[in-house]
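*Asks:* One structure coming up, written as structure tokens, with questions to follow.
No lab work stands behind these numbers, since they all come straight from the coordinates. Fair warning: this is a prediction, and the values are worked out from it, not measured in the lab. In this analysis, Cβ positions are derived from the backbone assuming ideal geometry, glycine residues included, and neighbour counts consider all displayed protein chains.
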Amino acid sequence: MNELNDKTLRLAGPLILWAVATVFFNLSTLVHATVSPWRFVPYGIVTLYMTWFTVRWLVMQAQRRYAGLERTRQRLIWLVLAGLPVTALLVGARIMLARYWVFANQPDWDTGDVPFMFGIGLFNLAIIVSIYESRYFFRQWLRTKREAEELQRAQLEMQLSSLRSQVQPHFLFNSLNTLQALVKANENPKAMQFIGDLAQVYRYLLQSNDQLLISLESELAFTHAYINLLKTRFEDGLQLDIAINPAYRHYRLPPLTLQLLVENTVKHNVVSTTQPLTIRIYDSDEAFLVVENNLQRRPRSDVASDKKGLLTISQKYRLLNQPDVEIHENATTFEVKVPLIKPLQTP
């Protein structure tokens, strides 16, 4: 967090805290005949502003180091450990200012009850930290709530969109089965394979529509069927190479992630038998799934690039509070890395 957006709090907070601390701890000193209020009041206000901005800086450091609601405990422990020596330094500064300014005309002035002053310093520390941590906690809670609502809304929109496109799915499956029987009678294995793959793809679309996450194993099976449909069109111009560690096959990812990445690759690259497009799907050691292809871009006039597929995937991962999707490109290859989400309980 680079900016706390607390201009009003920075201006009014120290004044209010000074008034409260003065009433509870220093009222008798303020009305004492030997103390000049024209020195004591500015001394109290200046030192409170100094304390406020110092503690505020500590809070900003803690929120950078330990961001998020789930790290609140670490953040508070860090603030306590850092706040104790900082409070001691601030108390020392207050004593010096009091000695050489407020009580400058009293050479025999005693530093007073140092433990008491340290206690006031801890009181100020606790109040300032509580104010900023409460604001941070509330804002983080609102953000988490908003992201959950956005994710739920996105899921509902996807379900509604799918329902609109699912015109009599059982009728379509029955029609595909009938068509496959007719083709089988005429002994056309290639057409039979195409119909079978098409049915598998459509079945996957229906089954995965209402799921937030799906196993990599299921996504790979669907991708094989989808690639087979594409190979019917491109034949040897499209090659697929999959190398996945079995340990990752039960990890999860948003449905249709691979389909969008494969579709994006075919859409933006030349695919032909003279210029084969090779798509490699493999895992990395950091539990990322990598989709890589040799780069042979189509001319820009051939296809419009709105990057909608990649944006859709990135948005899904952001809503799931997962690491960002990584995109790497050089002169010969294009690569997309998406996080694999560890299941709560590996089968």
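*Asks:* With labels modelled as points extended 7 Å from the Cα through the Cβ direction, what inter-label distance (nm, one decimal) is found for T333 paired with Q152?
*Replies:* Calculated label separation equals 4.3 nm.
*Asks:* Over the range 218-307, consider all pairs of different Cα atoms and compute the Kirkwood hydrodynamic radius from their mean reciprocal separation; express it in Å, one decimal.
*Replies:* About 14.0 Å, per the Kirkwood formula over Cα pairs.
*Asks:* Using Cα pairs closer than 8 Å and at least 6 residues apart in sequence, work out the relative contact order for the range 232-347, in percent.
*Replies:* Taking the mean separation of contacting Cα pairs over the length of the range 232-347, I get 31 percent.
*Asks:* While we're on this one: Pull out the extension gain between F234 and F123, defined as 0.36 nm times the separation in residues minus the alpha carbon to alpha carbon distance; nm, one decimal.
*Replies:* In short, 32.6 nm is gained.
*Asks:* With labels modelled as points extended 7 Å from the Cα through the Cβ direction, what inter-label distance (nm, one decimal) is found for A191 paired with N294?
*Replies:* 3.4
*Asks:* Sorted by packing (mean other beta-carbon atoms within 10 Å per residue), highest first, where do 85-91, 271-277 land?
*Replies:* 85-91, 271-277
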